[in-house]
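First comes the structure, then the notes that go with it.
Derivation of every value follows stated rules applied to the coordinates shown; laboratory data play no part. Because the structure is predicted, anything quoted here is derived from the model rather than measured. So basically every Cβ, Gly included, is an ideal-geometry build from the backbone, and we count neighbours across all protein chains shown.
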Amino acid sequence: MKLLLDRIDEPGLNTLPVYERRGGYQSLRKALDMTPEEVLSNIMDAGVRGRGGAGFPMGRKISFLPHGDMDKYLVCNADESEPGTFKDREIMQKNPHMLIEGIVIASYAAGISRTFIYIRGEYAMQADILEAAIAEAEAAGYIGERILGSDHTMSLVLHRGAGAYICGEETGLLDSLEGKRGNPRLKPPFPAIEGLYHGPTLINNVETLATVPAIIRMGGKEYAELGTETSTGTKVVSVSGDVQRPGNYEIELGIPSRELIYGLAGGPFPGREIKFWFPGGSSSPVLTKDDLDIPYDFDSMAKAGSMLGSGAVIVIDDTHRVLDVALKVAKFYAHESCGKCVPCREGTNWTLKMLQRIESGEATPMDLDIMASVQEQIIGNCLCVLGDAMAMPIGSMVEKFRSELEAEIEAARERAEGAELDDVIPIGVADEHAGPFPVH
Amino acid sequence: MSATGRRRPVPRFGHGSRVPGWDDAVDLTKPPATVPDPALTPVPPGLKEEIEAAMAKYPDRRSAAIPALHAAQEVYGWCSPEAIDQVASVMQLTPAYLTSVATFYDMFSTVPKPRNDVYVCTNISCSLLGADEFFEAMLAAAEGDLDVNVQSFECLGACDIAPMASVNGEYVGPLDVDDAERILEDLHGGRPVLEHKQLRYRRSADPGVPEEETDFSSPDRETTEMTDTAGLGPEGDTEDRPGPTAAIEMTTAQLEEHPEPEKATDEEEHAATQDPGEAEGGSSRAMEEGQ
């Protein structure tokens, strides 16, 4: 069943006439005929969980907003930067009005009059398309004062970012939207209480908001029939890496992961085998080929020790080294760490240096233990989860592929014609041995 | 961001690659720069209006910092001290504040850089499929090219066309090492870059999406006619095209600069039915005329 990718390749779908011809903005009319409470209860009944990474139920998030007449804000998080994720890009590029309709309905349910879309700066084409779609929707009266004759008034502003992964974190995003460096904030207070411009703020991912028109159209209870009991609905999954048909696939949550990777994405290239895979972007702990029969939904992934995250499957086959992937992961987070919290700023950089020591033949197997302990010290000790997002996959790679990494260490030492094991000074003992690699 | 792209000297400025001020140590005896006086800071009219329009969109004018810096970088090619001063005078903020913002984000450059940006994604999915080799090839091809800034970038959100690059904002992929030269040729020729590999022409991979047959491969350069289906009516497109669905809206200013070559397109379509080889030449001619 396709809700989000339904005939998404139809030419001209990004324009209002085609979207309206397909029944666009009918959900908005239906929602405006209901009370905001009824709309909210539909979203609650639907049980739709946030598609951005954390998987928090959208209805409950809205219910946390205080009632009253203060300025409240809705921010659509379109800063899609999690490695491996490209689902929001396709939705915004090909069906922008579905997102806009979802934003208008959500703002009605939550009593919000100012809304923003924070889109990552690299998505230039998508930003242009959204800008044009917003102008169309404003001209048609779907955004603005007293929408379609109701009492609901709202505005929508598209805000382009400028290239920073941390701005996908909700409080970093708020700071960036306020025109500052995108540093995360201390929580609590949570954005629902004190967010953008100190006002209560609802922050949702593009895919979550784009689901809202379908929920209103079908009714929350009927939407909840899709998927599993705790992971309702459909989800667009981005499959990439060593698969034959990379791309976005809309699935009902709860199908076996094997069906997703082999059935839809075509599986690995001929003659190769899956070695391991990230089920939810590069921040999720890796799973191996033995985990392919786990159902693809929020709770099954959590039970397997990983997470569904943003719904980005990255497949790595047996021709690649674990070390190379770990280096890419560590380099990414070391670069993107905003530098505000010490465990993350130092932890990501030292993890990268330790991995580079393996590559240059300076490491000992003991380094793997130090690396694992560094990961433990990052998790839960920072304002946001960027550090955790490196610690979890690196920790899982060290745990699941320890023998391969040990062999890698030995091989690199031989390659480097290194000294005996005893001559290598462990990391931290002498700084000149800490690795010569500057990190940017 | 890797340092590779940004640190390359750019000797295009008359006084050498080193712009006064940026490489000198801060003079701590001087008082800090205050908000520049608008009367003493001339700002190009277009830029000033753009920044003021951005400020009007938000409840707090500071929210316009990123849009304003985008606009200034568009005008000057990089966030130069003059550009930051001008933004500061329009927004009534200190240059230090804006510099702190500009240095945080990867897309702003506080050192001079060539005007054309080639961001090569070297994150996991792309590197699994050869992005590192492509990045090396791209660096080698652009060696000494003063108009092209090659930078390795973190995930650009297009792993379905891995390995990929963003050339002045246009996503292209999947790339192989031979494409590095072609990207430069297209850039210097003023043509759309690697048009047959542009993301905007890519269909959804999900087999459940289009009711008709699905073509997973990227359109072939020789046989595919590239036409943007922007602005199609509700009837849609009767022809089977490689899959553009995105109407690309042009601003009035852009339209003035690039008038729609309507007549040329008709002729070219006519030619396409006769000889696909000729159509390819015809379409590139039409593009050049259009620009």
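Summary of values
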quantity: Of A:Phe190, A:Phe269, A:Phe64, the one that fluctuates the most in a GNM where chain A has Cα springs shorter than 10 Å; calculated: A:Phe269
quantity: Electrostatic dipole magnitude of the range A:234-317 [Cβ: Lys, Arg +1; Asp, Glu -1; Cα centre; debye, to 20]; calculated: 180 debye
quantity: Pairwise FRET efficiency - A:Asp299 versus A:His67, Cβ, R0 = 45 Å, nearest 0.05; calculated: 0.90
quantity: Choice from A:Ala133, A:Ala363, A:Ala304 showing the highest fluctuation, given a GNM over chain A with Cα pairs closer than 10 Å; calculated: A:Ala304
quantity: Pairwise label distance in nanometres, A:Ala140 with A:Ser360, each label 7 Å out on the Cα-Cβ vector; calculated: 5.9 nm
quantity: Neighbour net charge for A:Glu38 - beta-carbon separation under 13 angstrom, K R +1, D E -1; calculated: -1
quantity: Calculated FRET efficiency for the pair B:Ser100/B:Ala56, C-beta based, R₀ 22 Å, to 0.05; calculated: 0.40
quantity: q = 0.17, 0.23 Å⁻¹: log10 I(q)/I(0) that the Debye formula gives for the range A:164-259, counting C-alpha atoms only; calculated: -0.94, -1.05
quantity: The range A:347-386: C-alpha gyration tensor shape, a/c 1.5 cut-off, then a/b vs b/c; calculated: oblate
quantity: Estimated FRET transfer efficiency (A:Glu273, B:Glu185; beta-carbon r; R0 35 Å; 0.05); calculated: 0.35
quantity: Lysines with Cα under 27 Å of B:Lys48, excluding same-chain neighbours fewer than 8 positions away; calculated: A:Lys180, B:Lys57, B:Lys113
quantity: Cα-Cα P(r), the range A:67-200, percent of pairs per 10 Å interval; calculated: 12, 42, 36, 10, 0
quantity: Sparse-neighbourhood loop sites, GluC sites (Glu not before Pro) in the range A:82-150 - DSSP loop, at most 10 other Cβ within 10 angstrom; calculated: A:Glu145
quantity: Nearest-20 debye value, chain A charge dipole, Cβ charges on Lys, Arg, Asp, Glu; calculated: 1200 debye
quantity: Neighbour-count order for A:Met44, A:Met301, A:Met70, A:Met98, fewest beta carbons within 10 angstrom listed first; calculated: A:Met70, A:Met44, A:Met301, A:Met98
quantity: Residue of A:Val157, A:Val75, A:Val322 that the Gaussian network model of chain A assigns the largest fluctuation, springs spanning Cα pairs under 10 Å; calculated: A:Val157
quantity: Estimated dipole of the range A:16-225 in Debye, rounded to 20 [Cβ of Lys and Arg +1, of Asp and Glu -1, Cα centre]; calculated: 260 debye
quantity: With eigenvalues of the C-alpha gyration tensor scaled by 5 and rooted, chain A, Å; calculated: 42, 24, 18
quantity: Label point distance in nm, B:Asp178-A:Thr35, each placed 7 Å from Cα along Cα→Cβ; calculated: 6.8 nm
quantity: Given charges at Cβ of Lys, Arg, Asp, Glu: the range B:23-104 dipole, positive-most of B:Ala56, B:Ala88, B:Ala68; calculated: B:Ala56
quantity: Positive-end residue of A:Ala304, A:Asn349, A:Ile370, charge dipole of the range A:285-382 with Cβ unit charges; calculated: A:Asn349
quantity: Euclidean distance of C-alpha centroids, the range A:305-319 and the range A:377-394, integer Å; calculated: 18 Å
quantity: Length added when fully stretched, A:Arg21-A:Glu406, from 0.36 nm per residue minus Cα-Cα; calculated: 132.6 nm
quantity: Per residue Cα convex hull volume in Å³ - calculated over the range A:232-327; calculated: 81 Å³
quantity: Proximal lysines to A:Lys61, defined as alpha-carbon separation beneath 18 angstrom and excluding residues fewer than eight positions away on the same chain; calculated: A:Lys72, A:Lys187
